[in-house]
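Written out below as structure tokens is the structure these notes cover.
The values are calculated or read from the model by the stated rules, or taken from the named source; none is laboratory data. A quick note: this is a predicted structure, and the numbers were derived from the prediction, not measured. Cβ: placed from backbone, ideal geometry, glycine included. Neighbour counts: every protein chain shown. Calculation scope for accessible area: heavy atoms of the full protein, side chains included, ligands and nucleic acids excluded. Shrake-Rupley method; radii C 1.70, N 1.55, O 1.52, S 1.80 Å.
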Amino acid sequence: MTESYVIIGDGIAGGSAAKTLREESPDADITVITDEGETLYNRILIKEYAKGKIPMEDPLFLHDEEWYEERDIDLELNTHVTHIDPDGHVVHTHEGDDYEYDALLVATGGTPRQLPVDNSDADGVHHFWTFEDARSIADHAEESEQGIVVGAGLLGIDFAAICGARGIEANYLMRGDCWWRYALSEDGAGIIHDALRELDVEPVFQSGVDHFVTDDDGHVTGAVDPNGEEFEGEFVGVSIGLDFNTEFLRGSGIETDDGIVVDEFMETNTEDIYAAGDITRFYDVILEEHAQNGSWDSAKKQGAVAAKNMTAADGEAEEFRHVSSYSISHFKDLPFVSFGHPTIGDDDRERKYSDTEWRRLTFKNGKLIGGVLIGNLKLQSAFKRIIREERDLEGQKDLLIEEDFEMEMLDAAAQEQ
Amino acid sequence: MAVGTSSGQHVHLSAREVEPVPADATALRHVDQLDDEAFDQFRRLVDGDTVNVQPAEEVPFEHGEIIVHTAYFRVTVR
Ligand SMILES: Cc1cc2nc3c(=O)[nH]c(=O)nc-3n(C[C@H](O)[C@H](O)[C@H](O)COP(=O)(O)OP(=O)(O)OC[C@H]3O[C@@H](n4cnc5c(N)ncnc54)[C@H](O)[C@@H]3O)c2cc1C
């Protein structure tokens with residue numbers, strides 16, 4: 001009997017799952033359902049399109065329609081899944097169509113959250129997730145002069161970079177004393193603040209948005225922060241986090257906890273249903289607890305692992321064991337990467353080496369679990385390897401922030417102990 | 001420069017900054033799409049270590065592809 005697989009979502013998690021499913025199961029029926037109107041594109045490069053640095057669209061598409069045809073994969077565009085019936089093994093869509101499955105993958109990611117303040121949906125207030133968003137951001141940014149950016153994290157800084165690249169003078173409103181305060185100290189963040197200023201983007205601390213101001217046509221003209229200070233701007237970018245796309249799972253019995261809970265095999269608590277990508281709260285075998293990860297490489301790998309396990313014979317499941325990394329590539333000569341889990345842990349070490357070089361590492365139970373490198377990425381792969389190998393670093397943590405740290409120093413220290 | 005060896009063809013890699021992205025560019029990747037080995041190799045190429053010869057089948061880049069990092073880098077594989 002031919003197996004049938006349904007994938008909801010055609011981001012990188014769904015796309016890589018479709019590819020792996022076809023490789024593992026040459027004769028199966030495979031359907032990919034997405035509520036977007038276009039085939040898989042490179043979500044992590046659309047910011048460069050919005051900046052105006054990549055003016056053409058074609059190279060940003062990873063799969064064209066032929067890709068699906070050649071692999072005999074049914075692609076349903078503009079189709080929103082509204083409900084799942086796990087007992088009947090059926091997926092229902094907004095147009096009343098039903099898709100039966102033997103195994104189902106949910107790879108529906110998230111949707112940018114709106115600020116819960118007045119006029120947060122005004123014309124000119126942008127959120128950024130899709131290629132459609134990138135097109136409208138690009139169009140509006142091209143004709144704007146003053147901007148406001150909200151959201152002091154990895155996605156918010158993309159809006160700051162768009163302002164910088166488009167010559168928009170902007171204020172970057174942050175709630176605390178520094179950018180990405182969950183992972184950076186003021187020392188590390190200070191390097192980023194200087195880089196933002198060079199782009200004509202001014203960080204404003206202890207700020208935020210109380211409400212947006214609009215003109216008579218409903219177009220945003222500024223923001224008032226909780227201190228009552230008004231900032232002008234006709235271009236606003238808001239990135240304060242994601243709401244995970246799980247509404248259609250209501251009543252299905254699938255366990256959710258701000259995302260879909262899966263084990264290390266990407267399997268949910270419900271038989272024959274898997275999840276992958278940003279949407280998951282997955283069991284991280286290195287951390288030994290459930291964790292979340294919003295990054296391209298992690299979503300891609302989870303999609304592939306889920307697909308393998310959807311097709312695997314009993315007892316041959318593959319676990320997801322991965323250390324992700326997420327770079328910021330907006331600042332000339334100032335590389336930045338965060339890897340693993342830099343915002344959690346029970347201990348940390350950090351050091352500033354120069355005005356443009358800084359390192360912070362996080363630990364849990366004596367093991368390295370994450371970090372942030374600014375200015376020099378020479379040790380990125382070595383640190384990721386140390387995490388993967390789950391090295392016991394008790395008594396050796398300080399070595400890792402030596403400016404000239406090398407792997408051999410750990411081996412030597414271990415021999416001495 | 002291609003160097004022939006008994007075990008197969010070896011190729012020479014280099015990376016050069018390009019700005020703006022050439023209109024005929026077909027292959028573009030963000031640095032986060034590289035695995036650790038490719039990333040290390042890319043970093044060494046960018047740091048000016050342009051003499052880099054390796055077996056053609058092991059090269060993790062396409063000739064002419066552009067890697068987006070703190071600038072745009074075009075990788076040449078010959
Ligand atoms: C602007 C931007 C810049 C980024 N930069 C980086 C970066 O530099 N490095 C990095 O590692 N990561 C980056 N990321 C994050 C990275 O893109 C994501 O982690 C990754 O793309 C997640 O992939 P995914 O497949 O899990 O989810 P998504 O790509 O969000 O795909 C989910 C898909 O499911 C569809 N969907 C949702 N609900 C339904 C439904 N009910 N029915 C049908 N379809 C549905 C959605 O429309 C979407 O197409 C960036 C993200 C953005 C937006």
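Please list A:Lys332, A:Lys51, A:Lys308 from largest to smallest accessible area, probe radius 1.4 Å, with all protein chains kept in place.
A:Lys332, A:Lys308, A:Lys51
Spelling out what I want: for every residue of segment A:219-234, take phi, set θ = phi - 60°, compute 6.51 cos²θ - 1.76 cosθ + 1.60 (Karplus), and round to whole Hz; glycine and proline get x.
In residue order, the calculated couplings are 8, 5, 10, x, 9, 10, 8, x, 8, x, 7, 9, 10, 8, x, 9 Hz.
When a/c is below 1.5 the answer is rounded, else prolate if a/b is larger than b/c, else oblate, so apply that to segment A:1-145 with a ≥ b ≥ c taken from the square roots of the Cα gyration tensor eigenvalues.
Here segment A:1-145 falls in the oblate category.
Can you classify the protein assembly as shown as rounded, prolate or oblate using the Cα gyration tensor, where a ≥ b ≥ c are the square roots of its eigenvalues, rounded means a/c under 1.5, and otherwise it's prolate if a/b beats b/c and oblate if not?
In terms of gyration-tensor shape, rounded.
For segment A:300-339 and segment A:227-246, write down the distance between their C-alpha centroids in whole Å.
Cα centroid of segment A:300-339 versus Cα centroid of segment A:227-246: 29 Å apart.
Just need the relative contact order of segment A:114-238 here, percent rounded to a whole number, with Cα pairs under 8 Å and 6+ apart. Mind dumping the intermediate values first?
Numbers: 256 pairs, mean separation 43.1, N = 125.
Dividing the mean separation by the residue count of segment A:114-238 yields 34 percent.
Could you let me know the centre-to-centre spacing of segment A:1-57 and segment A:97-160, using Cα atoms, in angstrom?
Rounded to whole Å, the Cα centres lie 19 Å apart.
Can you give the % of DSSP beta bridges in the protein assembly as shown that are antiparallel, to the nearest 5?
60
Counting only DSSP beta bridges with both residues in segment A:114-238, tell me the antiparallel percent, nearest 5.
Here the antiparallel bridges make up roughly 30 percent for segment A:114-238.
Based on the alpha-carbon gyration tensor of segment A:302-394 and its eigenvalue square roots a ≥ b ≥ c, which shape applies: rounded if a/c is under 1.5, prolate if not and a/b is larger than b/c, or oblate?
oblate
How many partner chain Cβ atoms sit within 10 Å of a residue's Cβ in peptide B:33-42, on average, as a whole number?
Mean inter-chain Cβ contacts per residue within 10 Å come to 4.
With a 10 Å cut-off between alpha carbons and a GNM built on chain A, which of A:Trp358, A:Trp179, A:Trp67 moves the most?
For chain A, modelled as a Gaussian network with Cα springs under 10 Å, the answer is A:Trp67.
If segment A:114-238 were replaced by its equivalent ellipsoid, with semi-axes equal to the square roots of 5 times the Cα gyration tensor eigenvalues, what would those be, largest first, whole Å?
In descending order the semi-axes read 22, 17, 13 Å.
In straight Cα distance, which lysines are under 27 Å from A:Lys397, not counting same-chain residues fewer than 8 positions off?
Cross-link targets: A:Lys352, A:Lys364, A:Lys367, A:Lys378, A:Lys384.
Compute the signed sum of charges (Lys and Arg +1, Asp and Glu -1) over the other residues within less than 11 Å, Cβ to Cβ, of A:Tyr326.
Local net charge: -2.
What percent antiparallel are the DSSP beta bridges of segment B:3-77, to the nearest 5? Spell out each step's value before the answer.
On the way: 14 of 17 bridges.
Close to 80 percent.
Out of A:Gln146, A:Gln396, A:Gln114, any idea which swings most in a Gaussian network model of chain A, alpha carbons joined below 10 Å?
Between A:Gln146, A:Gln396, A:Gln114, it is A:Gln396 that shows the largest mean-square fluctuation.
Within chain A, which DSSP H helices have Cα atoms that stretch 20 Å or more along the helix axis and a mean Kyte-Doolittle hydropathy of at least 0.5?
none
Grab the other residues whose beta carbon is less than 14 angstrom from that of A:Val372, score K and R as +1, D and E as -1, and report the net.
Residues close to A:Val372 contribute a combined charge of +2.
Can you give the local net charge around A:Val236? Use residues other than it whose beta-carbon is closer than 12 angstrom to its beta-carbon, Lys and Arg +1, Asp and Glu -1. Working shown, then result.
Numbers: positive: none; negative: A:Asp121, A:Asp123, A:Glu232, A:Glu234.
With Lys, Arg at +1 and Asp, Glu at -1, the neighbours total -4.
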